[in-house]
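Q: Structure in structure tokens, see below.
The values are calculated or read from the model by the stated rules, or taken from the named source; none is laboratory data. This structure is a prediction, so every number in the text was calculated from the model and none was measured. Positions of Cβ are backbone-derived with ideal geometry, glycine not excepted, and every protein chain shown enters the neighbour counts.
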Amino acid sequence: MTCSLLPVPAIIEAIKPMVVDNHLFVFRPEQPIELSPGQFVEISIPGVGGFPVSACDLVDEELLSCCIRRVGRVTEALYQLEVGDTIGLRGPFGNGFPLEMFDGREALLIAGGLGMAPLRALLQALLNDLHPDKIILLYGSREPGALLFREELIALARRGRIELRFSVDFAETLPGPAAGVFCRIGLVNELLADLDFNPSKTVAAVCGPPALYRCVLEELAAIGLAPATIFATLERRMRCGIGECCHCVVGGRYLCKDGPVFSLEELRGMVGAI
């Protein structure tokens with residue numbers, strides 16, 4: 001698939017409810033798509049409009065999986081469709097995570113809320129195709145029931161594939177040690193305390209709401225990660241995907257074309273980006 005303005009038809013193969021107002025949609029494009037973790041596609045609903053979204057998994061058997069929140073007019077129209085219906089896809093767009101930088105180093109992934117969706121594609125790449133020395137995932141959400149892919153992540157932790165820590169804003173009960181997962185009430189950046197990793201050998205990827213970036217990115221630099229090895233994806237600002245609407249211009253950069261993944265080293269020169 002190319003970045004043509006003409007959408008390619010894609011069949012909805014599956015729809016799986018995840019958490020409240022969040023469904024996992026699986027699409028089969030008429031033409032295969034190659035999408036790297038951090039890149040995105042534009043989904044269009046004929047007669048309604050379109051929106052950008054990243055993949056939440058590696059492209060497998062020509063299927064594309066996206067975790068989509070019902071949040072506006074176009075996503076509401078998507079939620080009214082059923083398996084077998086057709087939507088349009090354009091892409092891939094943007095620049096994803098620099099996967100080669102994670103090879104042979106420690107990987108630290110930090111997700112907040114729905115930010116787990118795009119980071120899941122990166123996690124799959126780390127598990128399947130790369131050879132990091134260690135994979136640590138810190139994931140914060142409102143409450144335990146709002147954690148995306150919770151059981152899948154816990155299963156990976158129990159098998160020793162990843163080191164996993166959850167944080168939630170509130171919970172009636174927290175899982176005990178027997179559950180095999182660390183969970184606490186508080187902010188996700190508080191999970192960095194007592195974490196066993198080597199900052200000088202670590203590459204970090206962060207995805208979540210703006211508040212997460214403001215409290216985490218510089219904190220990672222303060223504990224020893226090089227700014228060039230701390231990455232964030234700013235996909236929330238994107239709209240058209242091709243740099244025409246200028247909705248995502250920050251500091252003279254088009255987030256949809258130059259990003260959406262940027263290093264902290266770059267973000268420090270982009271006033272207003274976070």
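Q: Of these, Pro46, Pro32, Pro118, which one is within 20 Å of Ala146 (Cβ to Cβ) and either outside the structural domain of Ala226 (by TED's automatic domain parsing) or under 14 Å from the mean Cα position of the chain (by Cα) (or both)?
A: Unique residue meeting the criteria: Pro118.
Q: Can you name every residue in segment 232-267 that is crowded, with 16+ Cβ neighbours inside 10 Å and at pLDDT 90 or above?
A: Selection gives Ala232, Thr233, Pro260, Val261, Phe262, Ser263, Leu264, Glu266, Leu267.
Q: So, one more: Looking for whichever is free of Cβ contacts under 8 Å to residues at least 60 places away in the same chain and within 18 Å of Pro92 (Cα to Cα) here; the options are Ser36, Ser65. Which one fits?
A: Ser65
Q: For Thr229, work out the one condition from (1) under 20 Å from Leu192 (Cβ atoms); (2) crowded, with 18+ Cβ neighbours inside 10 Å; (3) touching a Leu at 6+ places or on another chain (Cβ under 6 Å) it doesn't fulfil.
A: Answer for Thr229: the failing condition is (3).
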